[in-house]
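In what follows, a single structure is set out as structure tokens and then discussed.
Every number in this text was worked out from the coordinates using simple rules, so none of it is lab data. What you are looking at is a predicted structure, and each value in this text was computed from that prediction instead of being measured. For neighbour counting, all protein chains shown are included, and Cβ atoms are generated from backbone atoms with ideal geometry for every residue, glycine included.
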Amino acid sequence: MKNYIKRLVVLLPLLLLTSCFDILDKVNMKADGSGEYTIILNASKSKTRLASISKMESINGKKVPKKPEIEAKINEAARIFKATPGISNVKTSMDFDNYIIKLSCHFTKIENINSGLEQLKARNIIGKMVPTNIYSQNPEKKTFMRNKVNTFKSDYDKMSKADKEVFTDARYISVLQFENTVKSQSNNAYSLSPNRKALKLEATVLDLILQKKPLQNIILFQ
């Protein structure tokens with residue numbers, strides 16, 4: 001599990017040294033199935049602590065990654081996404097004053113994002129346990145799916161108390177925006193916007209690891 005978490009947050013390894021960070025996972029899909037994907041890693045709430053840690057060589061037995069190392073990983077991830085068929089307009093931004101890192105891209109169909117993540121896994125940018133078959137769609141049936149992912153509870157249970165504390169205040173936010181109007185969904189943990197064109201799920205990272213709040217959802221459009 002420790003290696004999984006290291007790989008999962010490879011775009012901002014310093015997150016391993018603080019429990020207060022947010023992950024925003026956002027999809028904005030057009031009626032034709034194309035759209036934009038964005039992931040933002042935000043540790044601004046811990047920026048004072050991280051600024052101090054970044055000056056150290058190691059802490060709690062873990063090597064502290066330096067700015068060039070983080071930048072190299074982000075740029076490598078961007079290059080891999082750019083080379084993935086169906087993905088274009090890949091952009092990254094790195095705010096090392098507030099510890100906010102963003103990667104965004106356009107896709108022809110949502111499954112392109114799965115392929116991009118598979119490529120990151122093949123190049124060891126993310127670990128083997130990180131789920132990659134996250135999204136799928138069926139235009140004929142007018143459905144969009146947030147696919148089920150595996151539980152990592154058994155791995156979490158084996159972690160030390162100190163390592164478990166990494167997840168104490170960590171949060172995950174999923175935002176799904178559509179041009180089409182949502183008719184129904186299978187997971188009411190997602191809140192539906194008044195115009196029925198956006199869904200939002202907020203959870204702690206620990207809730208997801210223990211599957212107290214499942215991510216899977218089948219969305220049917222009008």
- Which entries in the list K63/K158; K82/K183; K47/K200; K141/K212 go over 32 Å, if you measure between the two C-alpha atoms of each? K82/K183
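Out of the chymotrypsin sites (Phe, Trp or Tyr not before Pro) in segment 122-222, which ones are loop residues according to DSSP with at most 14 other C-beta atoms within 10 Å? Don't jump to the answer; show the numbers that get you there.
On the way: sites: Y135, F144, F152, Y156, F167, Y172, F178, Y190, F221; in loops: F152, Y190.
Taking segment 122-222 and a limit of 14 other Cβ atoms within 10 Å, no loop chymotrypsin sites (Phe, Trp or Tyr not before Pro) are found.
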- To the nearest 20 debye, segment 142-222 has a Cα-centred charge dipole, built from +1 on Lys and Arg Cβ and -1 on Asp and Glu Cβ, of 360
- Too long for a 32 Å Cα-Cα cut-off, among K26/K73; K66/K197; K161/K213, are K66/K197
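If you add up the charges near K102, with Lys and Arg at +1 and Asp and Glu at -1, over every other residue whose beta carbon is less than 13 angstrom from its beta carbon, what do you get? Numbers along the way, then the final one.
Values: positive: K26, K91; negative: D22, D25, E36, D95.
Net charge in that neighbourhood comes out at -2.
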- Message: So for segment 82-183, averaging the separation of alpha carbon pairs under 8 Å that are six or more residues apart and normalising by length, what relative contact order in percent results?
- Response: 15
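Suppose every Lys and Arg Cβ carries +1 and every Asp and Glu Cβ carries -1, with no other charges. What dipole size does segment 70-200 come out with about its Cα centre, to the nearest 20 debye? Mind showing how you got there, number by number?
Details: 22 positive and 13 negative charges, 100 e Å.
Computed charge dipole of segment 70-200: roughly 480 debye.
Give, as a single signed number, the net charge of other residues whose beta carbon lies under 12 Å from the beta carbon of I23, with Lys and Arg counted +1 and Asp and Glu -1. Could the numbers behind the result be given before it?
On the way: positive: K26, K102, R171; negative: D22, D25, E202.
In short, 0.
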